[in-house]
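Have a look at the structure below before the remarks.
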Amino acid sequence: MMHVQQWEETCDVLVLGGGTAGCLISGVLARRLPKLKVTLVDSGTNYDADGLLDRVPQKPVTPGTRTFFRNTGAEFVPAPSEIGGSSLMHGGIALRGTRDDHDEWFRVAGEEWSPQDLASLFHRLESDTDEPAVGSPLHVAELTTLPAAYRAFHAYCARVFGAAADLNRPEAHGVGLVPSACTDGRIATTYRQHILPDPVPANLRLRAETVVDHVRLRGERVDRVAVRHLRTGRPSQLRADVVVLAAGALGTPEILLRSGIGAAAASEELGIPVALDLPAVGARLRDHSVLWSEATVTDTPAAPPWPWHAVLCRTSPTDEHLPDCSFELFHDFRLRTRQLWSRRVVISCTQLHDISPGRVRLEMSGTRLRTRIDGAVPRTLAAMEQYAEHVGALLKEEEFQGVGMRAPYPVPYPSSQGRNSAAGLLPKVRSAYHFHGTCPMGTDPGSAVVSPDLRVFGTGNLYVADASVLPVQFGANTHHVTRATALRAADALSSLFGYS
Ligand SMILES: Cc1cc2nc3c(=O)[nH]c(=O)nc-3n(C[C@H](O)[C@H](O)[C@H](O)COP(=O)(O)OP(=O)(O)OC[C@H]3O[C@@H](n4cnc5c(N)ncnc54)[C@H](O)[C@@H]3O)c2cc1C
C-alpha cells in the first residue's frame, strides 16, 4: 500500500477561501500586523489580478462551473477557478442595499450591525482616505457620455418610475446610474486591491490549488483543518489559532456540513460524527432571480464601457408596474464566448425580495458524499409577468424612437401554455448568482450559525466572514456588502491580535 506523507503547517490566522472576503481579510490583517502569520487557502489554480471583465478580450477567461438545481432543472454557476473567487467574476457594481434591508439586519443581529455601522463600513470601502488597501473609489458615469440606448432607457424609467440622484441612498427608488467600485480605472477585485499592492506582505502565505475538506473541532476549538492538493490529491493538515471560513455562500456551508457542523439528525443519517448541532447551516440559500431580453444597438460605445456601466432602476415595493425589482440596461457579456458584444444590450429584471430560499446539503451518491444545491426561486412570478409585458412593448415608447434599437430576441417569450404566463416564463428565470445567507448571523443558534461577532456558535476560534453570514434577503447585488462584512471581520480580528 502506498504511504501518503502528511505535512502540517501552523500559522496564527488561517483563511479558508480566497475570494472576495478571503482576499480582503487576509490582506488587511497581514498588512496591519506584520508579525502575524496569515495563510490563505484557495482551490483556485492560478491567480491574475484582473477581473474577467477587465481582461476581455486580451486574456483568456477560464471560469469553471458548478451545478445547482432549481425547480426547472439543472443550472450551471460560473465558478471562479482562480484565487480572487467571485470578486473576479462580478461587474464592479457597488450598491449598498436598501433601508429596509439594513433595518432588518439590525433587528436580527443587534446593535453591532446598526445601519450607521454599515454605512461607516461602506464609506471606508468607497474612499481612498482611510487606509490604502481598503478604499476603492466609486465611479459613476456621466449620462451624456453613454450610448443613446442608455439615455433612452434612463429617460423612459424616469418618466415611469421616477429618478434617483444617488442609488446608494438607502431609501432611493427610481432610475440612476450604477456606482461601480474601481481602482486604477479597473474593477476592484479584492485580490488586486488587498493582496497585490507592493510590497506583497511577507507574512502572508498563499496556498493555491488546495481544497479544504473539513475542520476538526476538539471541545470548542478547531485544532486541525484537513486539506488536499487539487491535482495530486495529497492530503495535509493545517493548524492555526484562529480559523476564518470565507469559501462563499456555497463553499462555506459545504465545509461545515462535512465537519459535522449542521443539523445533527442529517449528519447522523449520513454517518458523519456530529460536532455541533446547528440546523441553520445551509438551510436558507438566498439569491435573486433574473429574467432578461436582448436588443441590438447601432450606437456602439467608442471604448469598452469600463468601468462597467449600467442604468439601473430600483422600483419601489408598491410600484404598480414592476414591484420591488431592479430593472437594468447594460452591455451583454458572455463568459463562455469571451466576448463583449458591443452591439448587443441586455434589458433585465431582477426580483429582489420575493424569493423562496433554496438549500445547500450533503447527500449520498453511491458510497460517496456529494453536495446538493437547490437554488432559490421566485415566490410568485407576478412581477416577472409584468416585466415581460412591459419590455415587449418598450421599444415602441417615445423615448426609444430614433435610437436605432432593435429587439431580435425579445420577450414576450413564446410558450405552449400561453405567452408570458408563469409556466412559460419559469424556465427562462435564472439565478443572478448573488448567493448569500447560508450561515446567517443572529442571536439564536436555532436559526443562526454565527453570533454577531461572526464566531460560529459553540466554538472559540472558528469564524465565518463571507456572503453566507448575511442574515436577510438582501435587496442589491452582493459583492459590495460582502466586502463590508469582510472588512468588519478584519477589524475584529485585528483587535483580537492587538491592533488598535
Ligand atoms: C458570475 C458571477 C457574477 C456576479 N456578478 C456580480 C455583480 O455584478 N455585482 C455584485 O455585486 N455581485 C456579483 N456577484 C456576486 C458576488 O460576486 C458575490 O456575492 C461575492 O463576491 C461573494 O464573495 P465571497 O467571498 O462570499 O465568495 P467568493 O468570492 O465566491 O469566494 C469563495 C472562494 O472560496 C473558494 N472555495 C470554495 N470552496 C472551497 C474549498 N472547499 N476549498 C478551497 N477553496 C474553496 C472559491 O474557489 C472562492 O475563491 C456575481 C457572482 C458571480 C458568480
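Each row is one residue, and each column tells you yes or no for (1) of a type in the set (A, V, I, L, M, F, W, C); (2) assigned by TED's automatic domain parsing to the domain that holds Arg344; (3) open to solvent by 50 Å² or more (accessible area, probe 1.4 Å).
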{"site": "Leu146", "(1), (2), (3)": "yes, yes, no"}
{"site": "Tyr150", "(1), (2), (3)": "no, yes, no"}
{"site": "Tyr156", "(1), (2), (3)": "no, yes, no"}
{"site": "Arg192", "(1), (2), (3)": "no, no, no"}
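Test Arg107 against the criterion of being part of a loop (DSSP other than H, G, I, E, B) and either more than 13 Å from the ligand (Cβ to nearest atom) or buried (at least 19 other Cβ atoms within 10 Å of the Cβ) (or both), and give yes or no. Full working, then the answer.
Details: part of a loop (DSSP other than H, G, I, E, B): no; either more than 13 Å from the ligand (Cβ to nearest atom) or buried (at least 19 other Cβ atoms within 10 Å of the Cβ) (or both): yes.
Considered against the rule, which asks whether it is part of a loop (DSSP other than H, G, I, E, B) and either more than 13 Å from the ligand (Cβ to nearest atom) or buried (at least 19 other Cβ atoms within 10 Å of the Cβ) (or both), Arg107 comes out as no.
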> Just a yes or no: is a residue in segment 66-75 farther than 23 Å from Cys325 by Cα, at pLDDT below 95, open to solvent by less than 20 Å² (accessible area, probe 1.4 Å) and in a helix (DSSP H, G or I)?
Replying inline: no
Arg96 fails exactly one of (1) assigned to a helix (DSSP H, G or I); (2) at pLDDT 95 or above; (3) open to solvent by less than 70 Å² (accessible area, probe 1.4 Å), namely (1)
How many residues of segment 208-219 are touching a Leu at 6+ places or on another chain (Cβ under 9 Å) and surrounded by fewer than 21 Cβ atoms within 10 Å (Cβ to Cβ)? The answer is 4
Check your understanding: If you check Thr298 against the conditions, is it closer than 26 Å to Thr45 by Cα, modelled with pLDDT under 95 and polar (S, T, N, Q)?
Key -> no
Reported set for segment 227-241 where residues are open to solvent by 50 Å² or more (accessible area, probe 1.4 Å) and among the β-branched types (Val, Ile, Thr) is Thr232
Per the filter on segment 449-471, residues buried (at least 23 other Cβ atoms within 10 Å of the Cβ) and either part of a loop (DSSP other than H, G, I, E, B) or within 10 Å of the ligand (Cβ to nearest atom) (or both) are Val449, Leu454, Val464, Ala465, Asp466, Ala467, Ser468, Val469, Leu470, Pro471
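The values are calculated or read from the model by the stated rules, or taken from the named source; none is laboratory data. It should be emphasised that the depicted structure is a prediction, and the values quoted were computed from it without experimental measurement. Because the Cβ atoms are built from the backbone with ideal geometry, glycine has one as well, and the counts that use them run over all protein chains shown. Just so you know, the surface numbers come from the protein's heavy atoms only, side chains and all, with ligands and any DNA or RNA stripped out. Shrake-Rupley method; radii C 1.70, N 1.55, O 1.52, S 1.80 Å.
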